[in-house]
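Student: I'd like to ask some things about the structure below.
The values are calculated or read from the model by the stated rules, or taken from the named source; none is laboratory data. Quick caveat, the model's predicted, so the values are computed rather than measured. Quick reminder, even Gly has a Cβ in these numbers, built from the backbone with ideal geometry, and neighbours come from all protein chains shown.
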Amino acid sequence: MEETKTWIENELPALGSDFIVSTSRQGMRSRASYGIERAVLVDCRLTIRSTIKDETGRTFTGAVAAMLKDVDVASVAPQHVPGLSGSTTDKPHTDVFIHLATGRPKSFVEYHDDGRPSEPTDIMTIHVRDQASGERVANAVRRAAILCGAATSPF
């Protein structure tokens, strides 16, 4: 577990930091940078603090936390995320989706800029720079979840 914990804390922030340029149908371009400030795995609780900064300088900060024993290991996977309707992006955008196992109470929690928690949810997403980064992150999260006692399917 120590090796996986170290990988998540040291490698995940670099894989989840990049920028993206979007162009609307009308030709308006906007640039946003996103980044993982910190990823921490303590007592099988994964907490990720991230920021998104738009070209006007506005910064949105949030965090999400998940107990990895509650993860549906088979659901942890990177997926291409299309841009907003009617816009294009300068490069593909990938998120790693993590779902709660069936029958588990909603326990993933997002924290807002002011530290207030949201209502518990059953899905967590990690923004990553590309599909290859997404595969690496998904593999690490699956491994950590299994080591934390998450149930796995034999098929």
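Student: Spot the failing condition for I123; the list is (1) of a type in the set (A, V, I, L, M); (2) free of Cβ contacts under 8 Å to residues at least 60 places away in the same chain; (3) crowded, with 16+ Cβ neighbours inside 10 Å, and only one is missed.
Tutor: I123 satisfies all of (1) of a type in the set (A, V, I, L, M); (2) free of Cβ contacts under 8 Å to residues at least 60 places away in the same chain; (3) crowded, with 16+ Cβ neighbours inside 10 Å except (3).
Student: Looking at the range 1-48, which of its residues are within 13 Å of the chain's Cα centre (by Cα) and either exposed (fewer than 15 other Cβ atoms within 10 Å of the Cβ) or of a type in the set (F, W, Y) (or both)?
Tutor: Scanning the range 1-48 gives A14, Y34, E37, R38.
Student: Now, a different point. Take K106 and tell me if it is farther than 26 Å from E2 by Cα and part of a strand (DSSP E or B).
Tutor: Criteria not met by K106.
Student: In the range 64-88, which residues are part of a loop (DSSP other than H, G, I, E, B), in contact (Cβ under 8 Å) with a residue 12 or more places away in the chain and loosely packed, with under 15 Cβ neighbours inside 10 Å?
Tutor: Scanning the range 64-88 gives V81, L84, G86.
Student: Just to check your reading of the model, which residue among T51, T61 is under 23 Å from P92 (Cβ atoms), in a strand (DSSP E or B), modelled with pLDDT under 90 and under 15 Å from the mean Cα position of the chain (by Cα)?
Tutor: Within the list T51, T61, the selection yields T51.
Student: Still on this model: Checking P117 against (1) under 18 Å from R38 (Cβ atoms); (2) touching an Asp or Glu at 6+ places or on another chain (Cβ under 8 Å); (3) at pLDDT 80 or above; (4) not acidic (D, E), which single condition isn't satisfied?
Tutor: (3)
Student: Quick check, is K91 touching a residue at least 60 places away in the same chain (Cβ under 8 Å), over 16 Å from the mean Cα position of the chain (by Cα) and outside any strand (DSSP E or B)?
Tutor: yes
Student: Scan the range 89-104 and give yes if some residue there is surrounded by 15 or more Cβ atoms within 10 Å (Cβ to Cβ) and of a type in the set (G, A, S), otherwise no.
Tutor: Within the range 89-104, one or more residues are surrounded by 15 or more Cβ atoms within 10 Å (Cβ to Cβ) and of a type in the set (G, A, S).
Student: Of everything in the range 7-57, what is among the hydrophobic types (A, V, I, L, M, F, W, C) and under 19 Å from R142 (Cβ atoms)? Give them in sequence order.
Tutor: Answer for the range 7-57, where residues must be among the hydrophobic types (A, V, I, L, M, F, W, C) and under 19 Å from R142 (Cβ atoms): W7, I8, L12, L15, I36, A39, V40, L41, V42, C44, L46, I48.
Student: What are the pairs with Cβ atoms under 6 angstrom where one residue, in the range 1-29, is farther than 13 Å from H93 by Cβ and without any contact (Cβ under 8 Å) to a residue 24 or more places away in the chain and the other, located anywhere, is in a strand (DSSP E or B) and of a type in the set (S, T, N, Q)? Sequence gap at least six, or different chains.
Tutor: From the range 1-29, the pairs are R29/T23.
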